[in-house]
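As structure tokens, the structure follows; a few thoughts come after it.
The values are calculated or read from the model by the stated rules, or taken from the named source; none is laboratory data. Since the model is a prediction, treat every value here as computed from it, not as a measurement. Neighbour counts are summed over all protein chains in view; Cβ atoms, including those assigned to glycine, are modelled from backbone coordinates with ideal geometry. Quick note on the areas: whole protein, heavy atoms, side chains included, nothing else; ligands and nucleic acids left out. Shrake-Rupley method; radii C 1.70, N 1.55, O 1.52, S 1.80 Å.
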Amino acid sequence: MRARKLIVLFLFLTGLLFATWIAAGQQTRRIDDLALRNAGKTGEEWLTYGLTPGETRYSPLKQIDTSSVSRLGLAWSYDVGQGGGNQEATPLFWNGGLYGITNWSVVFAVDARTGKERWRWDPEVNQTAVRPKICCGVVNRGIAIYQGKIIAPVIDGRLEALDAETGKPLWEARVAYPQDNFTITMAPRIAKGKVIIGVSGSEFPVRGFFAAYDANTGQLAWRFYTIPGDPSKPFENPALKKAAETWSGQWWKLGGGGTVWDGMAYDPDADLIYVGTGNGGPWPEELRQSKGKDNLFVCSILAVRPDTGELKWYYQPVPGDSWDYDSVQGFILADLTINGRQRKVLMQANKDGFYYVLDRLTGAFISAQPFAQVTWAKGIDQETGRPIVNPEAHYDQNKETITLAPSPNGAHNWSPMSFNPSTGLVYIPTTTDGSRTFSLETDFVYKPGERNTGILRTGFGPARPAPAAIGPVPPEGQHFALVAWDPVTQKERWRTPGGGAVGGGTVTTAGNLVFQVIPDGHLVAYTADKGEKLLDIQTGLRGGMGPPITYMLDGKQYVAFLGGQGIVLPPLPNAPPPAPGAVPGNAPTGPTVPPKLLTFVLDGKGVLPK
Ligand code: CA
């Protein structure tokens, strides 16, 4: 009798323990490969930079829909700390918390119910020393979450793993040194237990690369250089040996460029990591002594194996780039029916003004058409996928001054686009008609450790008339727009003014909505199918905005984003003037509001900053 009671008690206790263990497991569910493969499927959480493995930023949530979205109001806000740059990060939502990173790479976790800080980790960047090595703004686009860790890139070249529950550092890896002219601004991605990260800095003399680190230990797994090194030494891999045939002169002495600072995606079914690479360094092909050569792998899209970093395929949107048309813009992976055939595609709205659709298994070119005003090329050869460059665009070879579109800020830059499978449309924050004057710096002298773009704004007398533009003509006076693009027909479906290539971004939902954060601080929402404006909230932040996310908490759908520049640091003494086409909303003047994380919910009654 006594023994039976003991057995019953034992069974009861083990059952209780098991139930507690399950509950704890649900509360703090670890994010593993399966969770990442399913990321975004329910829309409850926001676990990766682009929400889904295809980086679609499409949420199946529809509590907020076309009939209710006008009731959206502030739930709470959280001061993220010092500014001095744009808050470009995509926050993550997991385990009832919002996780984010500031422009100076300070990582924070906030209770998503209350807005109260859970923890905060400051990498203590030596800002004075690092600032002169930051080519293009003190920014950070986000973090990753994996196996109980927050993986955070630090602008000074470190990669940090923090305990997601406590913020305690678990490991630190040195990806690159700012002394070598590198910084890190992109969000890391996770593939098969590895953290994939790239470096910024192609305006400086650098040899671009991206690398993989063991997510548990921080140990370097492999590194892929995007530019071949000194050919008198062994090449790191066969792909670089081939790539060296597309260069001449002594390119390796100036690095060559090709940095990896934004777009990246991992398709677990294809087992491929997709990576975009930046401009050649210096900018003009002429100064890279490579006239008429492709200069692989500048301005390219690469597909590599996560286990080894081996190159599977590449496609180069801009062979021999001379215009800073980095091809690093965010990718969207989708399955589309094109000409009656199911295609697994990779899509990119490139800085160069063309919307590219590729077969992501093979790299085969499918199509590309201009989504903004373009004068550097007549179009893309739809057979070969190579651009038909206007001869006048070679300002460096021609020793002429010419104004070309798009500008190096791009027709589309880092501002995240999104893809709604119901409408079949991609929502592209677009600079519609940006342009810049190019002129070769003929007396170019290499400056070690400094910016070496090698171009002037004027230099050869009056600018040569620009070639005829192709691409959609924006309405008079419209420079920035949200463009709804059909990637199958390669045609615009609708557009609304506001936004632009840099700053803010989009998320689209099953509630037939597109939310857009505009660089001037507005949160707006449109119907996804027709582009009718249903919401317009001035957040009071007025600049330095990041993209929106959406998630569910306690049965309510939220929209959240970062924004605000705070105190703007004085510009660098040798910094170039802002390029034409720069988004004015990203350069606030007068008193600024401290940078914040804002969350919105239906009938939210919080008070926005004035
Ligand atoms: Ca660049």
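Per 10 Å bin from zero, what fraction in whole % of the C-alpha pairs of the range 57-169 is there, up to the bin with the longest pair?
13, 40, 30, 13, 3, 0
Taking 0.36 nm per residue of sequence separation and subtracting the Cα-Cα distance, how much length would be gained by fully extending the chain between Asp603 and Asp271, in nm to one decimal?
Full-extension gain reported as 115.2 nm.
Bin width 5 Å, alpha-carbon pairs only: give the P(r) of the range 339-458 as whole percents, running from 0 to the bin holding the largest distance.
So the P(r) values, bin by bin, are 2, 10, 16, 18, 17, 14, 10, 7, 3, 2, 1.
Run lengths n ≥ 4 of DSSP H only: what is the helix-derived mean residue ellipticity at 222 nm for the chain, with -39500 (n - 2.57) per run over all residues, to the nearest 500?
Per the formula, -2000 deg cm²/dmol.
With an 8 Å cut-off on Cα pairs and a minimum separation of 6 or more residues, tell me the relative contact order of the range 81-188 in percent.
24 percent
Using the alpha carbon gyration tensor of the range 185-303, what are the three equivalent-ellipsoid semi-axes (square root of 5 times each eigenvalue), largest first, in whole Å?
Working from the Cα gyration tensor, I get semi-axes of 26, 14, 13 Å.
Put a dot 7 Å past each Cα toward the Cβ at Asp307 and Lys447; how far apart are the dots in nm?
For Lys447 paired with Asp307, the spin-label model returns 4.7 nm.
Considering amide H positions built from the backbone, and no H for Pro or chain starts, which residues 5 or more places from Lys194, or on another chain, come under 5 Å of its amide H?
It is Ala215, by chain and number.
Just the number please: accessible area per residue for the chain, 1.4 Å probe, all protein chains included, in Å².
Per residue, the chain has an accessible area of 37 Å².
Counting Lys and Arg as +1 and Asp and Glu as -1, each charge on the Cβ, what is the dipole of the chain about the Cα centre in debye, to the nearest 20?
Value, rounded to 20: 1280 debye.
Please report the carbon-and-sulfur percent of the accessible area for the range 350-453; probe 1.4 Å, protein heavy atoms only, DNA, RNA and ligands left out.
The nonpolar share, carbon plus sulfur, comes to 49 percent.
Please identify the cysteines of the chain that lack any partner cysteine with a Cβ under 4.7 Å from their own Cβ.
Among the cysteines of the chain, those whose Cβ sits 4.7 Å or more from every other are Cys299.
Hey, for a label at Arg30 modelled as a point 7 Å past Cα toward Cβ, could you say which residues of the range 67-101 have their backbone N under 19 Å away?
Residues passing the 19 Å test: 94-96.
For the range 110-221, count all C-alpha to C-alpha pairs, find those more than 25 Å apart, and express that count as a whole percent of the total.
Roughly 22 percent, rounded to a whole number.
Carbon and sulfur: what percent of the range 107-260's accessible surface (1.4 Å probe)?
Summing carbon and sulfur atoms, their accessible area is 48 percent of the total for the range 107-260.
Kindly provide the pair-distance distribution of the chain built from C-alpha pairs, with 20 Å bins from 0 and whole-percent values in order of increasing distance.
Pairs per bin, as whole percents: 21, 57, 19, 3, 1, 0.
For a Förster distance of 22 Å, can you work out the FRET efficiency between the beta-carbons of Thr217 and Glu124, rounded to the nearest 0.05?
The formula returns an efficiency of 0.45 here.
Specify which residue in the list Asn409, Pro205, Tyr225 is farthest towards the positive end of the charge dipole of the chain, using unit charges on the beta carbon of Lys, Arg (+1) and Asp, Glu (-1), about the Cα centre.
Of the listed residues, the answer is Tyr225.
Using the Cα atoms as the points, what is the convex hull volume per residue of the range 394-534 in Å³?
Dividing the Cα hull volume of the range 394-534 by its residues yields 148 Å³.
Once both axes come from the Cα atoms, what is the angle between helix 2-27 and the longest principal axis of the chain, in degrees from 0 to 90, rounded to 10?
30 degrees
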